[in-house]
Amino acid sequence: MIAAPDRKNARLTSCCRREIAWTILSLAALWPVPVTAQVQEKIDRGVVALAVSEKEVYVGWRLLRSDPADVAFNVYRQDVGLGDFQKVNDKPITGSTNFLDASATGGHGYRYKVTTVSGSTERETPGQAYVFTLAGNRPWYSLKLKDEVSLKRVGIGDLDGDGAYDFVLQHPDFNVDPYHRPGYWKRSPDSYKLDAYSAQGQFLWRYDMGWAIEAGTWYSPFMVFDVDQDGKAEIYAKAGQGDPRELDGHVLQGPEYLVKLDGQTGALRAKRDWISKEGFESYNYWSRNFLAIAYLNGIDPALIMQRGTYTVIKTEALNRDLHPIWTWASVGEYKNYRGQGQHCIMTGDIDDDGRDEVVIGTAALDDNGVPMWRTGLGHNDAGYIADIDPQRPGYEIFYGIESRSPKNGVCLVEARTGRIIWGYEGSTTHVHGQAMIGDLTDEHPGIECYAGEAKGGDKFFLYTAAGRRLSDKNLWGLSPRAVWWDADEQKEICHKDQVIEFNGQEKQAIEGDILIVADLIGDWREEIVTSLPGELRIYSTNIVADTRKICLMQNHLYRMAVADSGMGYYNAPQVGFK
């Protein structure tokens, strides 16, 4: 085994001499320095077919990292029930990963597939799509659900190993918040359920999280990811036992577990204890629970389990067998890290050493669990890792701080060091919600950053990457979503029931509550997944683009953020360097 670098061993030795409850274990002493890149998911071509008009069908598909540089594509169509697939393009498609089939016939059902062409060789690739042509424009398809439920959250992963992303849906759409003031906590009317559906909409199984898990965001994290690396995603979730509710409905005692469920059947495959409540001052503080994924050694996925946000924070990294890699807590010599948590966990290689770090909020842990830095800003509602300012090296993190702040309640920090680059000079009350970042306009280099106050505050903030404040108006509420929708390089904005341009021009009407924005199918542009009663709807652009880019789900920083959609506040994924 390879020893940890001297600076880390020295810190670990110092830590071990202190008799604190949670010990930091050296990751580098358990896993070797990475010599190969992490294993990529095996995903299919992701073909999508969407009606543009009664006689036109948009077909989109993925460009994969494994495709040769000279790859071209052919598109084939089958009139369902009436024969074989027939090629519909005149010559191989080289400049994009989409095609407009203008030879369709209204009212017909068609199946589409795509082949690759490299040199003189044409090859079949997995992944097909079905469309029924309709009069008018329909840039979405839907999965009809088993029951007339509305959804709380969605997890994405390939449950059966066929290369298509499947869905794990949490319902009902109800939220208990452990905060002690009236109007926040309320008795759970029902237990949360996790329902699994295939990419084609087939109901697979249901798992009842039980009465030991209150029906709220902070009690019920779940994760869909192939941590054990068998080619099929499994589900990890917080769990309890029996019905330990008090007379008023609170769950204050009883065993707590992390469970591993089989992706194809929902059957229990493994179980271990959840992080203990010991050291937490109250129900409100111990009820904050999270799960995330990080490639701590640069090769293998590890599960990150965490408890705490506002005071004590305990974090544990687990390997594929759910054995601890390291543990850490904001106690002892790290007590000044108390209260630096976020309503989610962010992971990514923020120091460019080939290994992922864990950003717990306004503080970061190195890949071996040793703290790297803290900003001292306190608890943040919003946080995004990205190459926000391309004129600076490395990643930056945009923060919106919930805690009352005399300054820097909205700020940009250097991801490697936590050093504040720029921030709002005035005071803020409660920068709230998930905020938003995205390259919304080509008038300014880099990514724009947006956030707003609530709960006693009324300020709003729109900044350029370089820190120039563009607006102090409430442009898009507290939790808009940026999305690549049309054919240009700038993102559009999901606001209320519309996709709009930065200048306010409407691009697409949206129905339902937005659950996630991610590149789940088709070309490099993103899907908007919404919940309607009894329906999961996937909006996907049918605007033809003349560019092609590798599927965003094969970008590491982006994929980690999509994996985190089943816990805490949902943070829209951002594209990283690799």
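Work out how much length Ala102 to His180 would gain on full extension: take 0.36 nm times their residue separation and subtract the Cα-Cα distance, in nm to one decimal.
On the way: separation 78, 0.36 × 78 = 28.08 nm, distance 5.92 nm.
Result for the pair: 22.2 nm of gain on full extension.
Only Cα pairs under 8 Å and 6+ residues apart enter the sum, and on that basis the relative contact order of the chain stands at 13 percent. Taken over the alpha carbons of the range 117-240 as equal point scatterers, the Debye sum produces base-10 log I(q)/I(0) values at 0.21, 0.23 Å⁻¹ of -1.20, -1.32.
Here the 3J(HN,Hα) profile of the range 494-507, calculated from phi with Karplus coefficients 6.51, -1.76 and 1.60 at θ = phi - 60°, is 7, 9, 6, 10, 9, 9, 10, 6, 4, 7, x, 5, 6, 10 Hz, Gly and Pro shown as x. Modelled this way, with points 7 Å down the Cα-to-C-beta line, the labels at Phe577 and Lys55 are 5.2 nm from one another. Which of the following values of Cα extents along the principal axes in Å was calculated from the structure shown: [x] 96, 56, 44; [y] 65, 60, 50; [z] 73, 54, 53? Checking each listed value against the structure points to [z].
Compute the semi-axes of the equivalent ellipsoid of the range 517-578, taking the square root of 5 times each eigenvalue of the Cα gyration tensor, and list them largest first in whole Å. Present the calculation step by step, with values, prior to reporting the outcome.
On the way: eigenvalues 83, 68, 10 Å².
Equivalent-ellipsoid dimensions as semi-axes: 20, 18, 7 Å.
Across the alpha-carbon atoms of the range 445-538, the computed radius of gyration and Dmax are 14.5, 44 angstrom. Summarising the amide proton neighbourhood of Ala302: residues at separation of 5 or more, or on other chains, whose placed amide H is nearer than 5 Å comprise Ala294, Tyr295, Leu296.
Quote the relative contact order of the range 177-280 in percent (integer), defining contacts as alpha-carbon pairs under 8 Å separated by 6+ residues. Please report the intermediate quantities before stating the final value.
Values: 182 pairs, mean separation 20.6, N = 104.
So the answer I get is 20 percent.
Backbone phi angles across the range 520-526, fed through the Karplus curve with coefficients 6.51, -1.76 and 1.60 (θ = phi - 60°), yield HN-Hα couplings of 9, 7, x, 6, 5, 7, 9 Hz in residue order; Gly and Pro are listed as x. To put it simply, the accessible area of the chain at a 1.4 Å probe is 49 percent carbon and sulfur. For the residues Arg245, Arg45, Arg181, Arg419, a 1.4 Å probe over the protein chains yields an accessible-area ranking, largest first, of Arg181, Arg419, Arg245, Arg45.
I'd like the orientation of helix 6-17 relative to the chain: the angle between its Cα long axis and the longest Cα principal axis, in ° from 0 to 90, rounded to 10. Approximately 50 degrees, to the nearest 10. Applying the Karplus relation 6.51 cos²θ - 1.76 cosθ + 1.60 with θ = phi - 60° to the range 64-72 yields 3J(HN,Hα) values of 9, 4, 7, 5, x, 4, 8, 4, 10 Hz, where x marks Gly and Pro. Taking amide H as placed 1.01 Å from N in the peptide plane, the amide H of Leu159 sits under 5 Å from that of Asp166, Ala233, each at least 5 places away or on another chain.
Straight Cα distances below 21 angstrom link Lys578 to the lysines Lys42, Lys491, Lys549, with same-chain residues fewer than 8 positions distant left out.
For the peptides 94-100, 480-486, 194-200, the ranking by mean Cβ contacts within 10 Å, running from highest to lowest, is 480-486, 194-200, 94-100. Computed from the alpha carbon positions, the gyration tensor of the range 194-317 leads to an equivalent ellipsoid with semi-axes of 26, 20, 11 Å, biggest first. Less than 12 Å apart at the alpha-carbon level, and either on another chain or at least 8 residues along: which aspartates and glutamates does that give for Lys314? Straight-distance partners of Lys314: Glu278. Taking all Cα pairs closer than 8 Å and separated by 6 or more residues, the relative contact order of the range 128-224 comes to 24 percent.
Using only the heavy atoms of the protein chains and a 1.4 Å probe, how would Glu41, Glu453, Glu414 rank by accessible area, largest first?
On the way: Glu41 65, Glu453 5, Glu414 40 Å².
Heavy-atom accessible area, descending, gives Glu41, Glu414, Glu453.
Taking all protein chains together and rolling a 1.4 Å probe, Glu506 ends up with roughly 100 Å² accessible. Legend: residues Arg77, Arg123, sorted from most to least accessible area (1.4 Å probe; ligands, DNA and RNA excluded), read Arg123, Arg77. In the context of the full set of protein chains, the range 432-536 has a per residue accessible area of 36 Å² (1.4 Å probe). Within the same chain, lysines fewer than 8 places from Lys152 are excluded, and of the rest, those with a Cα less than 20 Å from its Cα are Lys144, Lys186, Lys193, Lys238, Lys496.
Rounded to the nearest 500, what is the 222 nm mean residue ellipticity of the chain from helices alone, with -39500 (n - 2.57) per DSSP H run of 4+ residues and division by all residues?
Computed ellipticity for the chain at 222 nm equals -1000 deg cm²/dmol.
The values are calculated or read from the model by the stated rules, or taken from the named source; none is laboratory data. A quick note: this is a predicted structure, and the numbers were derived from the prediction, not measured. Please note: Cβ atoms are built from the backbone with ideal geometry, for glycine as well, and neighbour counts cover all protein chains shown. Note: accessible area is taken over every heavy atom of the protein model, side chains too, but ligands, DNA and RNA are not part of it. Shrake-Rupley method; radii C 1.70, N 1.55, O 1.52, S 1.80 Å.
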